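Step one of this worksheet: look at the structure below.
The values are calculated or read from the model by the stated rules, or taken from the named source; none is laboratory data. Please read all numbers here as calculations on a predicted model, not as lab measurements. As a convention, Cβ positions derive from the backbone with ideal geometry for all residues, glycine included, and neighbour counts pool all protein chains shown. Each accessible area value is taken on the protein alone, full model and side chains, heavy atoms only, with ligands, DNA and RNA left out. Shrake-Rupley method; radii C 1.70, N 1.55, O 1.52, S 1.80 Å.
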Amino acid sequence: MMRVIIAVSVFASAYLATWLVLAVLISDPSAAWLWTLPWLFAFGAAAMSWRRTGEQSPTRFEKMIAWGAIGAFGGFVVGFLGPMMFAPQANQGPLMGLLITAPVGGILGLVGAWWRDR
């Protein structure tokens, strides 16, 4: 089960990170083929994490990275979708997920995994 959680969280984190970078860097509409890069990068990262977690039991560092990614993704979803649902008139509400709750969730995931594995 841990293997699936790690692969899904790595996929989601890699896709969102690559998509955000491309959204900032690309303003040319003729470069639509570049929007396949987040999918390719996310599938590659998930496949690598799937292969890596099947070889042996994960180390403390790998558990911390996995739970940090899970926490960051969860914090991003809550902070991004929450303001859009509860205060749709706030135009900067989704930035809370990107700038506040995702980093806090990632840090809490790292610390929680460290604390559990100590």
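Hey, what angle do you get for helix 102-117 against the long axis of the chain, alpha-carbon based, 0 to 90 degrees rounded to 10? Its long axis makes an angle of about 0 degrees. Each Lys and Arg adds +1 at its Cβ and each Asp and Glu adds -1 at its Cβ; summed about the Cα centre, the chain shows a dipole of about 400 debye. Here the chain has 75 percent of its accessible surface on carbon and sulfur atoms, given a 1.4 Å probe and all protein chains in place.
Over the chain, dividing the summed -39,500 (n - 2.57) contributions of all DSSP H runs of at least 4 residues by the number of residues returns a 222 nm mean residue ellipticity of -25500 deg cm²/dmol.
When the convex hull of the Cα atoms of the range 74-118 is projected onto a plane and the area is averaged over all directions, what value comes out in nm²? Directional mean of the projected Cα hull area for the range 74-118 stands at 2.9 nm². Between Met48 and Val4, the distance separating the two model label sites (each 7 Å from Cα on the Cα→Cβ line) works out to 2.5 nm.
Were the residues from Ser27 through Val104 laid out at 0.36 nm apart, the gain over their Cα-Cα distance would be 24.7 nm. The alpha carbons of the chain stretch over 44, 34, 20 Å along the principal axes, in descending order. Projecting the Cα positions of Ser27, Leu108, Val78 onto the charge dipole of the chain (unit charges on Cβ atoms of Lys, Arg, Asp and Glu, taken about the Cα centre) puts Leu108 furthest along the positive direction.
The peptide list 39-47, 82-90, 60-68, put in order of mean Cβ contacts within 10 Å with the highest first, becomes 60-68, 39-47, 82-90.
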